[in-house]
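Please read the structure below before turning to the comments.
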């Protein structure tokens, strides 16, 4: 149908058809009929793009892939939705859902050395980047608690890898490489729960390098920031002995 100006005109039952199709897709999802639901949702998103149900179908495609465990496809669907519909009520949820896909790909058990760690670091770094962007871009979001929780887990896992490498170098008397790695860990992941241990080991690295001033500076900062921690107590004890 064409209106007076030549523009396409939606049929009178456009909204009703979109709603009926969407409800069929939802019922298919509830029954776990993913292939049928995927076909319906794809069709709705294409044929009823001007309807609110077209937008919901695009979002639900991400949910479907997530439930199937196809996290790469789910993340792509969520990102496309958020980019295409930045003002939609679910845009915020889509952004966090995309980050959740990367988070979900991290293994339950964390390994820090080959052969598993490279693959694990990729998903962790993707999750860290996506969650950091969400937290900075959505400071007042009601979804912040979940985002903050996931970001804390990811931050500690990435920091654990850097800490492990720093210890590896220290154990082999390569204090310069250890100092560089540990300093990088503290710069990249300053909120990590492992920061106290990292700063203590960085001070040790400086001592081995003969840079007492830098070591004392790190220990003083450790006592000021995390004096009640195990590493803060050790740092305070060392400073007392150092100062006589």
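Would you order 206, 164 from fewest to most other beta-carbon atoms within 10 Å of each residue's own beta-carbon?
On the way: 206 23, 164 15.
Lowest count first: 164, 206.
Suppose a student asked you for the relative contact order of the stretch 104-242, using Cα pairs under 8 Å spaced at least 6 residues apart; what percent would you report? Please report the intermediate quantities before stating the final value.
Numbers: 137 pairs, mean separation 21.0, N = 139.
Over the stretch 104-242, the number comes to 15 percent.
Can you give the angle from 0 to 90° between the axis of helix 91-104 and the longest principal axis of the chain, with both taken from C-alpha atoms, to the nearest 10?
Compared with the principal axis, the helix lies near 50 degrees.
Using Cα pairs under 8 angstrom and six or more residues apart, how large is the relative contact order of the chain, in percent? Please report the intermediate quantities before stating the final value.
Working: 273 pairs, mean separation 20.7, N = 244.
Here the relative contact order equals 9 percent.
Taking the chain as the reference, fit the longest principal axis to its C-alpha atoms, fit the long axis of helix 144-171 to the helix C-alpha atoms, and give the angle between the two in degrees, 0 to 90, nearest 10.
Rounded to the nearest ten degrees, it is 40.
Restricting everything to alpha-carbon atoms, can you work out Rg to Rh for the chain with a Kirkwood hydrodynamic radius? Provide the component values of the computation, followed by the final result.
Details: Rg = 25.7 Å, Rh = 21.4 Å.
We get a ratio of 1.20 for the chain.
Give me the three principal axis extents of the stretch 23-94 from the C-alpha atoms, as integers in angstrom, largest value leading.
Principal-axis extents of the stretch 23-94 (Cα, largest first): 31, 25, 16 Å.
Neighbour counts of other C-beta atoms within 10 Å: give me 76, 140, 148 arranged from fewest to most. Mind dumping the intermediate values first?
Numbers: 76 16, 140 5, 148 13.
Ranking 76, 140, 148 by Cβ neighbours within 10 Å, fewest first, gives 140, 148, 76.
Pick out which of 217, 183, 51 has the largest mean-square fluctuation in a Gaussian network model of the chain, springs linking Cα atoms closer than 10 Å.
The residue that fluctuates most here is 217.
Please determine, in degrees from 0 to 90 and to the nearest 10, the orientation of helix 230-242 with respect to the longest principal axis defined by the Cα atoms of the chain, where the helix direction is its Cα long axis.
30 degrees
Could you put 106, 185, 150, 50 in order, starting from the residue whose Cβ has the fewest other Cβ atoms within 10 Å? Before the final figure, lay out each step's value.
Values: 106 20, 185 27, 150 23, 50 13.
Ordered by Cβ neighbours within 10 Å, fewest first: 50, 106, 150, 185.
No lab work stands behind these numbers, since they all come straight from the coordinates. Model, not experiment: these values are computed from the prediction. Here Cβ is always computed from backbone atoms with ideal geometry, including for glycine, and neighbour counts include all displayed protein chains.
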